[in-house]
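What follows is a single structure, written as structure tokens, with notes after it.
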Amino acid sequence: MTLSETVWGRGHAMDNAPVHIVVDDREKTGGKVLAALAGRGDATVEIARLDVGDYHIEHRVVVERKTAADFAASLIDGRLFHQAATLAILAGN
């Protein structure tokens, strides 16, 4: 299954088009992810400053990537709830 089929579904008009992924320019720990995405023939990758999330996929999905330690810390200090609320607001647009 191609990345396009995963995003759009099989038989969709876009299922052979490259998937556009925007990666936040501050996502330094995503080097392995960025390299893997860049090496795929079915994805185009753009580096940009994102207001919310670490990855935007086809303007349909926003991914906030966290290590286990950052997840725990953001849960304790309350950042996680603010980030989740921001993602929920973005999803409503």
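Things to note:
- Subset of the stretch 60-85 [under 19 Å from V33 (Cα atoms) and aromatic (F, W, Y)]: F71
- The residue of the stretch 62-82 that is farthest from K28 (Cα to Cα), among those that are surrounded by 13 or more Cβ atoms within 10 Å (Cβ to Cβ) and touching a residue at least 12 places away in the same chain (Cβ under 8 Å), is V62.
- The set of residues in the stretch 36-61 that are free of Cβ contacts under 8 Å to residues at least 40 places away in the same chain and of a type in the set (K, R) comprises R40, R49.
The rows are residues; the columns are (1) of a type outside the set (G, A, S); (2) modelled with pLDDT of 90 or more; (3) in contact with a strand residue (DSSP E or B) (Cβ under 7 Å, 6 or more places away or on another chain).
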{"position": "A38", "(1), (2), (3)": "no, no, yes"}
{"position": "A43", "(1), (2), (3)": "no, no, yes"}
{"position": "L50", "(1), (2), (3)": "yes, yes, yes"}
{"position": "E58", "(1), (2), (3)": "yes, no, yes"}
{"position": "D77", "(1), (2), (3)": "yes, yes, no"}
{"position": "A84", "(1), (2), (3)": "no, no, no"}
{"position": "L87", "(1), (2), (3)": "yes, no, yes"}
{"position": "L90", "(1), (2), (3)": "yes, no, yes"}
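The values are calculated or read from the model by the stated rules, or taken from the named source; none is laboratory data. Remember, it's a predicted structure, so these values are computed and weren't measured experimentally. With ideal geometry, Cβ positions are generated from the backbone for all residues, glycine too; neighbour counts draw on all protein chains shown.
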